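Q: Below is a structure I'd like to ask you about.
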Amino acid sequence: MISGLRRGDWESFMIHADDLSRYDVIVGYGIGQNYERFKSLPEAQIRFHYLADRRWEDSDIQEYNGIPIIRLQALKRLKNALIVLFPKSDAVRNGIMQELEETDIDICYIGDLFSMEYLVSGNDLIKRLPEREYCDEFHNIIQFDETVPSNIVIHFTGKNNLLKIGKNLSVNHLEIHFGNKGFCEIGNNTSIVQAACMVSDAELKIGEDCMLSCGIVIRTHDDHHIFDLLTHQRLNVPRDVIIEDQVWVGYDVMLLAGAHVGNGSVVGAGAVTSSSFGEHVLIAGCPAKAVRENVCWSRDNTAAFQRSRLEECLDRNALKYM
């Protein structure tokens, strides 16, 4: 059962997806990307009598996808009707509900009737042990072991994604958002303070023994499309992001589609890049560039220690990658 809003008295009520037949009329409202995504779901079995959208109010269009269009004034006169909202934005949905405030039409959000996004936490994976693989009906797969961190959240909004979580990670907070056909692999012994990764139609690989600070954003794709004005060809296609082994990624770094950071390198605070860099380089700036070559680094904290040479450090993992 899911909660919704009944216009007029604003009281809560419950709708089950199997009980939609009790309504004489069902209207889909806010026809955009979320509606198109919903149509591709196996459980998208709602029969809409009408579709409605603000952009059609002053147009002559009479139907969309073979479904009649209803304007706001006619919609308000409906009886025993349910409006299913598609916009993801709370602000947009609230605006629609305000327009219908004086009606007695029931309203709910499509995401309350059918799951439009699957969220899996590290704790969810821990509960599945000794199983070491998660798979849902959309062929989204997570592979992990008994060391899987609890402070990881995976969002699936599409299909055919694969996440491989390495051993002995140290994670304070990590969110991974998958679209479609994304691949993400995090290597063993990597530590992450706080990062958000967006992966779709490309690969994100984070190597072993890496150290990621906080405020980090990694994207294999942009949120929206960019086209060449003359040719109308797509410019910002998804591309792989590769972080090789023993890389230190600093505070507030953005690694965008196409970024490649070689073994043993350091990405300085605030750097933004979609470029490729070799091994053992110090990368800084916006857009980022290599500002020094032949560097290595240690996890030894400079607030506690002031080492003069690598050999003095407790952490000398850099020697493994030289």
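Q: Could you run through the stretch 41-60 and say how many residues are assigned to a loop (DSSP other than H, G, I, E, B), open to solvent by less than 30 Å² (accessible area, probe 1.4 Å) and at pLDDT 90 or above?
A: Total meeting the criteria: 2.
Q: Out of everything in the stretch 185-215 that is among the small types (Gly, Ala, Ser) and part of a strand (DSSP E or B), what residue ends up being nearest to the chain's Cα centre (by Cα)? Quick ask: steps written out before the conclusion?
A: Filtering the stretch 185-215 down to residues among the small types (Gly, Ala, Ser) leaves 187, 191, 195-196, 200, 202, 207, 213, 215.
Pick out the ones that are also part of a strand (DSSP E or B) and you get 191, 195-196.
Values: Ser191: 21, Ala195: 12, Ala196: 8 Å.
By that ranking, first place goes to Ala196.
Q: Further question: Taking the stretch 293-322, which residues are more than 16 Å from Met211 (Cα to Cα), in a loop (DSSP other than H, G, I, E, B), in contact (Cβ under 8 Å) with a residue 12 or more places away in the chain and among the charged types (D, E, K, R)?
A: none
Q: With respect to Ile126, is the statement that it is open to solvent by 50 Å² or more (accessible area, probe 1.4 Å), touching a residue at least 24 places away in the same chain (Cβ under 8 Å) and β-branched (Val, Ile, Thr) true? Talk me through it step by step, then tell me what you get.
A: Working: open to solvent by 50 Å² or more (accessible area, probe 1.4 Å): yes; touching a residue at least 24 places away in the same chain (Cβ under 8 Å): yes; β-branched (Val, Ile, Thr): yes.
Considered against the rule, which asks whether it is open to solvent by 50 Å² or more (accessible area, probe 1.4 Å), touching a residue at least 24 places away in the same chain (Cβ under 8 Å) and β-branched (Val, Ile, Thr), Ile126 comes out as yes.
Q: Something else about it: Within the stretch 219-238, identify whether any single residue is under 24 Å from Leu169 (Cα atoms), open to solvent by 40 Å² or more (accessible area, probe 1.4 Å) and in a loop (DSSP other than H, G, I, E, B), and answer yes or no.
A: Among the residues of the stretch 219-238, not one is under 24 Å from Leu169 (Cα atoms), open to solvent by 40 Å² or more (accessible area, probe 1.4 Å) and in a loop (DSSP other than H, G, I, E, B), which makes the answer no.
Q: Please give the number of the condition Ile83 fails out of (1) in contact with a Gly (Cβ under 9 Å, 6 or more places away or on another chain); (2) part of a loop (DSSP other than H, G, I, E, B); (3) crowded, with 18+ Cβ neighbours inside 10 Å.
A: Ile83 satisfies all of (1) in contact with a Gly (Cβ under 9 Å, 6 or more places away or on another chain); (2) part of a loop (DSSP other than H, G, I, E, B); (3) crowded, with 18+ Cβ neighbours inside 10 Å except (2).
Q: Filter the stretch 171-184 down to the residues that are in a strand (DSSP E or B) and open to solvent by less than 70 Å² (accessible area, probe 1.4 Å) and list them by number.
A: Of the residues in the stretch 171-184, the ones in a strand (DSSP E or B) are 171-178, 183-184.
Matches in the stretch 171-184: Val171, His173, Leu174, Glu175, Ile176, His177, Phe178, Phe183, Cys184.
Q: Looking at the structure I just gave you, is Ala74 of a type in the set (A, V, I, L, M, F, W, C) and crowded, with 20+ Cβ neighbours inside 10 Å?
A: Taking the combined requirement at face value, the residue does not satisfy it.
Q: Going through the stretch 267-288 one residue at a time, which ones are among the hydrophobic types (A, V, I, L, M, F, W, C) and under 14 Å from Cys214 (Cα atoms)? I'd like the intermediate steps shown before the answer.
A: Here is the first cut: in the stretch 267-288, the ones among the hydrophobic types (A, V, I, L, M, F, W, C) are 267, 269, 271-272, 277, 281-284, 286, 288.
Selection gives Val267, Ala269, Ala271.
Q: Are there any pairs with C-beta distances below 8 angstrom linking a residue in the stretch 140-159 that is under 28 Å from Phe38 (Cβ atoms) to a residue that is among the polar types (S, T, N, Q) and open to solvent by 20 Å² or more (accessible area, probe 1.4 Å), with the two at least 6 apart or on different chains, and if so which?
A: That search, which allows pairs on different chains as well, returns Asn140/Asn160; Ile152/Ser121; Val153/Ser121; Ile154/Ser121; Gly158/Asn180; Lys159/Asn180.
The values are calculated or read from the model by the stated rules, or taken from the named source; none is laboratory data. The structure presented is a predicted model; accordingly, all values stated were derived computationally and were not measured. Glycine also receives a Cβ, built like all others from the backbone with ideal geometry; neighbour counts cover every protein chain displayed. What goes into the accessible areas is simple: the full protein's heavy atoms, side chains included, and nothing from ligands, DNA or RNA. Shrake-Rupley method; radii C 1.70, N 1.55, O 1.52, S 1.80 Å.
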